[in-house]
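Down below is the structure, laid out as structure tokens.
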């Protein structure tokens, strides 16, 4: 089907659902729990997103700086109320036995990367890692992040970054997003961050698996493909060490990198069964939720539109698909593509159901 026709059908479906908010079957609702939606530059979600949520088709959203202002808390309450009045909670309770809350996530890493500009952590990851007591600073940062997020009705933080930079000025070091250039430095600050934040009912997300720290200053997967020619022994012996510690500490989510690591696969890690099912779940034993980085990233230009990318990521083993282009239509395109992939048996139903269980488990533990 030509891309422009598919987009027109998505738009028509979205408008129809937003107008009627009825008639959705179980598969439509379940697929929606695997997609995180986003919306344009306002704290107030657009009407169609509210109606889709009332229909049970939206299980979570991501907020950016443009979505955060004094009205954000009230706006998120509207979305949460829409979700609670939808068929989704009852269906998820029936399927998983859990009381599943609406997911509101953001990036509150610290320093420059804070969507809540007046919130903690004030210190960047680099400053935390270089402090006199990184463990105490990491603990304070995690607790502070949780407190700041809860003020705005957020319950999930896409942090901390576990990337280990190699040289000063590398991509994650330049923006001060890395705790340090050794595994020990990163583990020492990141694990207290994770445990403190999750102890306050805000889920943490370790990123960017299997490690983006070796990316040079101008190697940005948001913009273009990035290839990291590291040996598998270096990846496992350096970059994955913080993930072992984070998994042992009970981190709820792991975000995969869009970089390519030829030592194991020629596909981006987040589209690679070898990295996700084989390495992260198989070798490291991670049993929590996997989440993609931004599906609109420039590094995925060769992998089709948002729906195709989302489906490919789901097949690779990604549980949550991040439609973060600030466009409700993007989220719907991904959800509809997942539904079609399930109906055509391109996506294994048993694996999809297992992912639903994992998502429900995390969302049952976050604050309302």
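Structure values in brief
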read-out	value
Those residues of the range 198-229 which are surrounded by 24 or more Cβ atoms within 10 Å (Cβ to Cβ) and closer than 17 Å to residue 143 by Cβ, in sequence order	202, 203, 204, 205
In the range 343-368, the residues that are surrounded by fewer than 19 Cβ atoms within 10 Å (Cβ to Cβ) and more than 27 Å from residue 63 (Cβ to Cβ)	343, 344, 345, 346, 348, 349, 350, 351, 353, 354
Test: residue 56 is over 20 Å from residue 295 (Cα atoms), modelled with pLDDT under 95 and in a loop (DSSP other than H, G, I, E, B)	no
Whichever residue in the range 4-45 is part of a helix (DSSP H, G or I) and modelled with pLDDT of 80 or more and, among such residues, is farthest from residue 322 (Cα to Cα)	26
Count of the range 247-272 residues which are under 20 Å from residue 363 (Cα atoms) and within 16 Å of the chain's Cα centre (by Cα)	6
Checklist (1) more than 20 Å from residue 219 (Cα to Cα); (2) out of contact with any strand residue (DSSP E or B) (no Cβ under 9 Å at 6 or more places or on another chain) applied to residue 317, failing item	(2)
Residue list for the range 128-175, restricted to those being surrounded by fewer than 20 Cβ atoms within 10 Å (Cβ to Cβ) and within 22 Å of the chain's Cα centre (by Cα)	147, 150, 151, 175
Residue in the range 163-175 that is closer than 29 Å to residue 363 by Cβ and modelled with pLDDT of 95 or more present	yes
Meets criteria (within 30 Å of residue 164 (Cα to Cα) and in contact (Cβ under 8 Å) with a residue 12 or more places away in the chain) for residue 100	no
Hits in the range 91-111 (condition: assigned to a loop (DSSP other than H, G, I, E, B) and either within 19 Å of the chain's Cα centre (by Cα) or surrounded by 24 or more Cβ atoms within 10 Å (Cβ to Cβ) (or both))	100, 101, 102, 107
Residues of the range 50-66 classified as surrounded by fewer than 24 Cβ atoms within 10 Å (Cβ to Cβ) and either touching a helix residue (DSSP H, G or I) at 6+ places or on another chain (Cβ under 9 Å) or on the phi > 0 side of the Ramachandran plot (or both), total	4
Residue 119 vs. criteria over 23 Å from residue 320 (Cα atoms), outside any loop (DSSP other than H, G, I, E, B), touching a residue at least 24 places away in the same chain (Cβ under 8 Å) and under 22 Å from the mean Cα position of the chain (by Cα)	no
Residue that is farthest from residue 208 (Cα to Cα), among those in the range 187-197 that are buried (at least 21 other Cβ atoms within 10 Å of the Cβ) and within 20 Å of the chain's Cα centre (by Cα)	197
Count of the range 234-269 residues which are in a helix (DSSP H, G or I), within 25 Å of residue 197 (Cα to Cα) and touching a strand residue (DSSP E or B) at 6+ places or on another chain (Cβ under 9 Å)	5
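The values are calculated or read from the model by the stated rules, or taken from the named source; none is laboratory data. Keep in mind it's a predicted model, so treat the numbers as computed, not measured. Glycine also receives a Cβ, built like all others from the backbone with ideal geometry; neighbour counts cover every protein chain displayed.
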